[in-house]
Amino acid sequence: MSCLIPALPLILGFVLDRIIGDPYNLPHPIKLIGRLISALEKGVRKRFSDLRSGGVFLALTVVMLSTFVPLILLLVCYRISIILGGIAESIMCCYMLAARCLSKESMKVCNAAESGDTEAARKAVSMIVGRDTAVLDRDGIIRAAVETVAENTSDGVTAPLFYMGIGGAVGGFFYKSVNTMDSMIGYKDEKFAEIGRFAAKLDDVVNFVPSRLTALLMIVSAPLLGLDSRNAYRIWKRDRRNHASPNSAQTESACAGALHVRLAGDAWYFGKLHRKPYIGDNDRSIETEDIRRAGRLMYAASVLMLIISAAARCLIFGGIL
């Protein structure tokens, strides 16, 4: 039984996220990391003539501070009491996960669309996607919500679990610092192409394994939910590279195949049309229930990743303790 102790903060963090999610009225460590990134970006732009080199400095500084600060805090807490340390790490693990938040926000889209309030659904989906939503019809709104749940299953849940399985809450902070940088400065436009290049490449690297593992876990989970595992695997094999990112289409393709719907395609960003390939086959019209199905697939894959990560945590620390 003692071999389970190293995995308890990870398990408790997952349960806490499932029950309460992110407390919107409390300071969030990811917001603090975001402020650090913004402050460093301004400093780099002033002090570095070569923004690509400055971007490397920015990324490494953010990763080191975001990793070592929680590490020191946990060492202090565990030194005072193993119970205090366990509580602190469980809370940190909870903060690294966004399953409940993703489910809650996507269901706002689902409920509004089902009630016939397209404008409310459009407003709700605008809170969780980066594209222009004004041009989306009802089906486009639903499709955008499904895509977001599918893609963020990895970024928001399973990838943090993967790294917490390796390094506990500190591993989660490492991952989220990289992922947050990519979401803030990892763009290819004129403003961020140079300063965010290293952060974007680093995000591709750290997501390479968890995104593919998550897609496989979705495929394994599909029959447990009454979804099509065989088609999920087929579409994943065919369409997993249909995205500019080497990782984003991994989970989207598995989800599209499991649901027998077509995702992705052309999208508008900041008033400009971006041509994108489709993911999945147009076997049937998308429906609001697909948002719920995607959410259930997210949780099923997340539970499997939790089991894998908890087992890894026990194995890693089992040889130490």
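Mind telling me which of the residues Ala264, Ala244, Ala256 ends up being aliphatic (A, V, I, L, M), in contact with a strand residue (DSSP E or B) (Cβ under 6 Å, 6 or more places away or on another chain) and open to solvent by 10 Å² or more (accessible area, probe 1.4 Å)?
Selected residue: Ala264, the only one of Ala264, Ala244, Ala256 that is aliphatic (A, V, I, L, M), in contact with a strand residue (DSSP E or B) (Cβ under 6 Å, 6 or more places away or on another chain) and open to solvent by 10 Å² or more (accessible area, probe 1.4 Å).
Is it the case that some residue within segment 241-250 is modelled with pLDDT under 95 and under 25 Å from Ala121 (Cα atoms)?
yes
Taking Gly21 and the conditions (1) surrounded by 13 or more Cβ atoms within 10 Å (Cβ to Cβ); (2) part of a helix (DSSP H, G or I), which numbered condition does it fall short on, given that it satisfies the others?
(2)
What's the number of the condition Ala312 fails, among (1) of a type outside the set (Asp, Glu); (2) within 25 Å of Leu12 (Cβ to Cβ); (3) within 18 Å of the chain's Cα centre (by Cα)?
Among (1) of a type outside the set (Asp, Glu); (2) within 25 Å of Leu12 (Cβ to Cβ); (3) within 18 Å of the chain's Cα centre (by Cα), the lone unmet condition for Ala312 is (3).
For Met127, are the conditions met, namely being touching a residue at least 12 places away in the same chain (Cβ under 8 Å) and open to solvent by 20 Å² or more (accessible area, probe 1.4 Å)?
yes
So for segment 210-233 (the condition being open to solvent by less than 10 Å² (accessible area, probe 1.4 Å), under 18 Å from the mean Cα position of the chain (by Cα), within 24 Å of Phe68 (Cβ to Cβ) and not small (Gly, Ala, Ser)), does at least one residue qualify?
Within segment 210-233, one or more residues are open to solvent by less than 10 Å² (accessible area, probe 1.4 Å), under 18 Å from the mean Cα position of the chain (by Cα), within 24 Å of Phe68 (Cβ to Cβ) and not small (Gly, Ala, Ser).
When you look at Arg284, is it under 27 Å from Ser183 (Cβ atoms), modelled with pLDDT of 90 or more and assigned to a loop (DSSP other than H, G, I, E, B), yes or no?
For Arg284, the condition - under 27 Å from Ser183 (Cβ atoms), modelled with pLDDT of 90 or more and assigned to a loop (DSSP other than H, G, I, E, B) - is not met.
If I go through segment 106-120 residue by residue, how many of them are touching a residue at least 60 places away in the same chain (Cβ under 8 Å) and more than 24 Å from Gly21 (Cα to Cα)?
1
Residue by residue, here is whether (1) under 28 Å from Ala98 (Cα atoms); (2) acidic (Asp, Glu); (3) open to solvent by less than 70 Å² (accessible area, probe 1.4 Å) holds:
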{"residue": "Ala7", "(1), (2), (3)": "yes, no, yes"}
{"residue": "Ile11", "(1), (2), (3)": "yes, no, yes"}
{"residue": "Asp17", "(1), (2), (3)": "yes, yes, yes"}
{"residue": "Pro29", "(1), (2), (3)": "yes, no, yes"}
{"residue": "Ile33", "(1), (2), (3)": "yes, no, yes"}
{"residue": "Leu36", "(1), (2), (3)": "yes, no, yes"}
{"residue": "Val44", "(1), (2), (3)": "no, no, yes"}
{"residue": "Asp50", "(1), (2), (3)": "no, yes, no"}
{"residue": "Ser53", "(1), (2), (3)": "no, no, yes"}
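The values are calculated or read from the model by the stated rules, or taken from the named source; none is laboratory data. Every value quoted in this text rests on a predicted model; they were computed, and no experiment measured them. No Cβ is skipped: glycine too gets one built from the backbone with ideal geometry, and neighbour counts run over all protein chains shown. In case anyone asks, the SASA skips ligands and DNA or RNA and just uses the protein heavy atoms, side chains included. Shrake-Rupley method; radii C 1.70, N 1.55, O 1.52, S 1.80 Å.
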